[in-house]
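Down below is the structure, laid out as structure tokens.
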There are 2 protein chains.
Amino acid sequence: MAMPTDQLDRTFAALADPTRRAILARLTAGEASVTELAKPFEMSLPAVSKHLKVLERAGLIARGRERQWRPARLEAGPLKEVAEWTERYRRFWEESYDRLDQYLDELQGRGKEKGDGRKR
Amino acid sequence: MAMPTDQLDRTFAALADPTRRAILARLTAGEASVTELAKPFEMSLPAVSKHLKVLERAGLIARGRERQWRPARLEAGPLKEVAEWTERYRRFWEESYDRLDQYLDELQGRGKEKGDGRKR
């Protein structure tokens with residue numbers, strides 16, 4: 001396997017939490033401190049810090065070096081890997097929607113005549 | 001939030017394991033029994049069954065009803081959600097690659113002259 005397996009493991013694990021996904025969404029608007037991030041979630045600073053550590057280990061955020069004010073900023077590189085991994089399955093979800101469409105057509109008695117103008 | 005949060009939690013958590021991702025990759029070639037899935041991974045049947053349960057709860061596979069031979073098959077619908085979620089971050093990873101390109105150009109002293117034909 002040529003895929004960076006450990007990286008994908010860390011990325012997917014980091015994304016499996018709604019608060020961490022919400023933090024990433026917040027960071028699309030620009031960098032933010034722990035205090036700023038804690039506010040909308042009504043979470044304690046240590047709880048937010050813990051989430052940030054998971055995101056940082058996954059490479060999804062980077063943090064400033066300043067000791068007191070260490071703003072977090074989005075690092076979207078690992079999400080490119082997720083997109084590439086997921087893309088390989090595109091034809092399978094598209095096929096399943098095609099099959100659903102076909103099934104709904106059949107249920108409605110339109111079957112293969114749909115769009116060929118012979119009926120109606 | 002309009003997103004199916006719990007579904008995404010389950011999907012990302014299920015994908016955070018290389019064996020489960022490899023099982024999904026195997027199922028792109030068609031449905032397979034637990035025994036068939038266990039072989040390439042040199043895993044016990046209970047270990048494979050456990051992974052299948054996680055994938056099934058996440059809606060990433062479906063299993064046949066037959067008691068002894070319950071073939072698993074890929075259900076790619078949740079991966080469409082992952083693709084859609086990830087897509088919202090595309091401009092951020094593209095921007096970071098653009099910045100990297102720009103930086104490399106600057107390092108090589110090409111700056112803004114790149115491609116305009118004035119140099120060389």
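The values are calculated or read from the model by the stated rules, or taken from the named source; none is laboratory data. Predicted, not measured: the structure shown is a model, and the values here were computed from it. Virtual Cβ from ideal backbone geometry, glycine too; neighbours counted across all protein chains shown. SASA here: full protein model, heavy atoms, side chains in, ligands and nucleic acids out. Shrake-Rupley method; radii C 1.70, N 1.55, O 1.52, S 1.80 Å.
Kindly state which helices (runs of 4 or more DSSP H) lie completely within the range A:1-55 and contain at least 1 residues that are away from chain B (no Cβ under 14 Å). The qualifying helices (runs of 4 or more DSSP H) are A:34-41. Entry remark, the range B:60-85: residues being free of Cβ contacts under 8 Å to residues at least 60 places away in the same chain, more than 18 Å from B:Ala29 (Cα to Cα) and under 16 Å from the mean Cα position of the chain (by Cα) number 3 in total. The condition (being at pLDDT below 95 and charged (D, E, K, R)) is satisfied by just one residue among A:Arg10, A:Arg63, A:Arg21: A:Arg63. Reported count of residues in the range A:8-56, each being open to solvent by less than 20 Å² (accessible area, probe 1.4 Å) and of a type in the set (A, V, I, L, M, F, W, C), is 13.
Of all the numbered requirements in (1) open to solvent by less than 50 Å² (accessible area, probe 1.4 Å); (2) over 22 Å from B:Leu79 (Cα atoms); (3) more than 16 Å from the chain's Cα centre (by Cα), A:Thr5 misses one, and that requirement is (2). Among the residues in the range B:78-93, are any more than 8 Å from chain A (Cβ to nearest Cβ) and crowded, with 17+ Cβ neighbours inside 10 Å? For the range B:78-93, residues more than 8 Å from chain A (Cβ to nearest Cβ) and crowded, with 17+ Cβ neighbours inside 10 Å: present.
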